[in-house]
Amino acid sequence: MQQSFAADVCKLDFWQPDSVKMVKPKRQVDFRVEADKTLEVEHLLKENKMDFNVLIDNLQTALHAQFDSKVRGTGHSYEKYNTWDTIAAWTADIAAENPTLVSRSVIGETYEGQPLYLLKLGKSGTNKKAIFMDCGFHAREWISPAFCQWFVKEAVETYGTDSTMTKLLNSLDFYVLPVVNIDGYVYSWTKDRMWRKTRSKNTGSSCIGTDLNRNFNAGWCELGASDRPCASTYCGSAPESEKESKALADFIRENLSTIKAYLTVHSYSQLLVFPYSYTYKLAKDYNELNTVASAAIQRLTSLYNTNYEYGPGAATVYPAAGGSDDWAYDQGIKYSFTFELRDTGKYGFLLPESQIKPTCEETMLAVKYIASYVLDHL
Ligand code: ARG
Ligand code: ZN
């Protein structure tokens, strides 16, 4: 297909990879096209002898189908997608209900002034090391915040009965940031379900938002990112130009001596990647990270046979600079991983609520494996 057509004329919304520039030979590409352009696009694909099939025929219908959970109601539920207001209230409740295990703090605020809540999980102790995990970097990846909520639930519900969880919480703290890109998440609920970036204004452009996972100081904007504010992978005006990435990076810098692992949860693609993404060079801990990733995925797959791939970001997905995983790794946090949860494109970002539970259950196994490994290698 002609680049100019895809990128400029038709404005395809790339779901996988994140932009037309990262398309490479022999890899699956998923994109959304406006209804009245479908025939034109199908014609071009056929003309260029490109195999394709329609994963989601009618996105409007699929938008409703994502809410297929039977447990509807207005309150919080671990098996449905929760609005930001519901998640915010939940962070207060879960801390109040589990005072010896959970505490809540605020590490900053978003562009639109929402408090960035951080939950700290763990039994109090002295000199404890910690694992940092965040969800909701990209607004439309709704399964990601759902996983952070699930993780906290599992921690409080299985502490004292599950021996692995008990050991982890006795010996380590977990910092869980349930939604990083709150403004974008709210926007994906109220205005545009397919929104990805933050909601900050860009000077000299009417386009809104920066891609938070291109906004960190790790080969910033060198490749796999765009310097154009209208692009979905816009790297921002400078590293940490966004209040959200700045708050996250500040917190990690302040706690560098205790944080031993950094986990960041995205969707979709079913991948577990580790540094580097800003270069094809192998990280100095490549062998160990690859072994840990392999074992973590083995655990994950054992539950429902969900197929995952793993490897360094640049080679496994595509090179993309400015990611939080590479930044954390270069700060000295060796165990730095990015999860890309279910699925592989059948529903994409519109993963039905009925898959929240199995997705979270299998992901728990991988996260608990990594955490246990980190604890055994302090
Ligand atoms: N889909 C994720 C993103 O584009 C992949 C993240 C992998 N890590 C990275 N530093 N690019 O943000
Ligand atoms: Zn993402």
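The values are calculated or read from the model by the stated rules, or taken from the named source; none is laboratory data. If you're wondering where the values come from, they're calculated on a predicted model, not measured in any experiment. Cβ sites come from the backbone with ideal geometry, for glycine too, and all protein chains shown count toward neighbours.
Values for this structure:
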{"read-out": "Pairs, first within 21 Å of Val152 (Cα to Cα) in the range 172-191, second modelled with pLDDT under 95, C-beta under 8 Å, six or more apart", "value": "none"}
{"read-out": "Within the range 259-285, tally of residues that are aliphatic (A, V, I, L, M), within 16 Å of ligand 1 (Cβ to nearest atom) and surrounded by fewer than 23 Cβ atoms within 10 Å (Cβ to Cβ)", "value": "3"}
{"read-out": "Matching residues, the range 315-355, being within 27 Å of Ala247 (Cβ to Cβ) and assigned to a helix (DSSP H, G or I)", "value": "Ser324, Asp325, Asp326, Trp327, Ala328, Tyr329, Asp330, Phe349"}
{"read-out": "Selection count, the range 352-367, where residues are crowded, with 20+ Cβ neighbours inside 10 Å and either without any contact (Cβ under 8 Å) to a residue 60 or more places away in the chain or in contact with a Ser or Thr (Cβ under 7 Å, 6 or more places away or on another chain) (or both)", "value": "2"}
{"read-out": "Every pair of residues 6+ apart whose Cβ atoms lie under 6 Å, when the first sits in the range 303-320 and is within 14 Å of Ala283 (Cβ to Cβ) and hydroxyl-bearing (Ser, Thr, Tyr) while the second is part of a loop (DSSP other than H, G, I, E, B) and within 11 Å of ligand 1 (Cβ to nearest atom)", "value": "none"}
{"read-out": "Residue among Phe151, Phe216 that alone is under 20 Å from Ile259 (Cα atoms) and within 16 Å of ligand 2 (Cβ to nearest atom)", "value": "Phe216"}
{"read-out": "Options Ala155, Ala146: the member that is away from ligand 1 (no atom under 16 Å from the Cβ), among the aliphatic types (A, V, I, L, M) and in contact with a strand residue (DSSP E or B) (Cβ under 6 Å, 6 or more places away or on another chain)", "value": "Ala155"}
{"read-out": "Count of the range 194-214 residues which are over 19 Å from Ser267 (Cβ atoms) and buried (at least 20 other Cβ atoms within 10 Å of the Cβ)", "value": "3"}
{"read-out": "Considering residues of the range 258-274 that are within 16 Å of ligand 2 (Cβ to nearest atom) and of a type outside the set (A, V, I, L, M, F, W, C) only, the residue farthest from Lys346 (Cα to Cα)", "value": "Tyr262"}
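Table: residues versus (1) of a type outside the set (Asp, Glu); (2) away from ligand 1 (no atom under 15 Å from the Cβ); (3) not in a loop (DSSP other than H, G, I, E, B).
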| site | (1), (2), (3) |
| --- | --- |
| Gly184 | yes, no, yes |
| Arg196 | yes, no, no |
| Gly204 | yes, yes, no |
| Pro239 | yes, no, no |
| Arg253 | yes, yes, yes |
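Table: residues versus (1) outside any helix (DSSP H, G or I); (2) at pLDDT 90 or above; (3) exposed (fewer than 15 other Cβ atoms within 10 Å of the Cβ).
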site: Gln60; (1), (2), (3): no, no, yes
site: His64; (1), (2), (3): no, no, yes
site: Ser77; (1), (2), (3): yes, yes, no
site: Ile87; (1), (2), (3): no, yes, no
site: Asp93; (1), (2), (3): no, yes, yes
site: Arg104; (1), (2), (3): yes, yes, no
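This table checks each residue for (1) surrounded by 21 or more Cβ atoms within 10 Å (Cβ to Cβ); (2) away from ligand 2 (no atom under 16 Å from the Cβ); (3) touching a residue at least 60 places away in the same chain (Cβ under 8 Å).
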{"site": "Asn287", "(1), (2), (3)": "no, yes, no"}
{"site": "Ile297", "(1), (2), (3)": "yes, yes, yes"}
{"site": "Gly322", "(1), (2), (3)": "yes, no, yes"}
{"site": "Thr338", "(1), (2), (3)": "yes, no, yes"}
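This table checks each residue for (1) among the polar types (S, T, N, Q); (2) within 30 Å of Gly113 (Cβ to Cβ); (3) out of contact with any helix residue (DSSP H, G or I) (no Cβ under 7 Å at 6 or more places or on another chain); (4) more than 16 Å from ligand 1 (Cβ to nearest atom).
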residue	(1), (2), (3), (4)
Gln16	yes, no, yes, no
Lys21	no, no, yes, no
Arg27	no, no, yes, no
Glu42	no, no, yes, yes
Lys46	no, no, yes, yes
Val54	no, no, yes, yes
Ala62	no, no, no, yes
Lys70	no, no, yes, yes
Thr86	yes, yes, yes, yes
